[in-house]
Amino acid sequence: MALDIDSILDRITSHAAASGYFEAVNGHEPKNAPGNGLTAAVWVDTVQPAVSSSGLASSSALLVFYVRLYTNMHQEPQDAIDPNLVKALSALFSAYAGDFELGGDARMVDLRGAEGSPLSARAGYLNQDQRLLRVITITLPVIVNDAWDEVA
């Protein structure tokens, strides 16, 4: 068995791109500050066995992704910055709930945290390339059945 990380990452980035909210969607944490519109980036945070859903012959995997939404903190109107980010966030949460198995590549998006942390988001600020960005970082837990064989 093998963990098909490429298909899972592609599905997550495709959801963001299909939402229509983002000027760019990266499959990695950006090295440079993004442009002035909304940008999304996806990368792996944690990979570990899914404790409660693994069997005797194989282990399921818990993959936790970060999906970070970025925008310039100094754009106008400033009162629209957070609402625009939350609208994009809501579209992504709807996509994750609606495509619960990520097209069959995963057993489930762990919306409620059956294996640990639930789907969640935290807002904050990031200073990158001397630019202040408003960000929302989504924690996206995904469970994949039978990721690794267990040999006795």
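The values are calculated or read from the model by the stated rules, or taken from the named source; none is laboratory data. No experiment lies behind these values; they were computed from the predicted model shown. Positions of Cβ are generated from backbone atoms using ideal geometry, with glycine treated the same way; all protein chains shown enter the neighbour counts. Just the protein is used for accessible areas: all its heavy atoms, side chains included, with ligands, DNA and RNA removed. Shrake-Rupley method; radii C 1.70, N 1.55, O 1.52, S 1.80 Å.
Things to note:
- Accessible solvent surface per residue of the range 19-79, calculated while the other protein chains remain in place, 1.4 angstrom probe, Å²: 51
- Cα lying deepest toward the dipole's positive end in the chain, options 143, 64, 120, charges on Cβ: 120
- Residues listed by number, the range 114-152, amide nitrogen under 12 Å from residue 86 label point at 7 Å toward C-beta: 123
- Cα gyration tensor shape of the range 4-52, rounded if a/c is under 1.5, else prolate or oblate by comparing a/b with b/c: prolate
- Using alpha-carbon coordinates, inclination of helix 5-18 to the longest axis of the chain, degrees: 30
- Heavy-atom surface analysis with a 1.4 Å probe gives the chain a carbon and sulfur content of 49 percent of its accessible area.
- For the pair residue 150 and residue 10, label points projected 7 Å from Cα toward Cβ lie 3.1 nm apart.
- Between 0 and 90°, nearest 10: helix 81-98 axis offset from the chain longest Cα axis: 20
- Normalised by the number of residues in the range 1-139, the mean separation of alpha-carbon contacts (under 8 Å, six or more apart) gives a relative contact order of 23 percent.
- Helical mean residue ellipticity (222 nm; -39500 (n - 2.57) per DSSP H run of 4+; nearest 500) of the chain: -7000 deg cm²/dmol
- Accessible heavy-atom area order of 66, 96, highest first, probe of 1.4 Å: 66, 96
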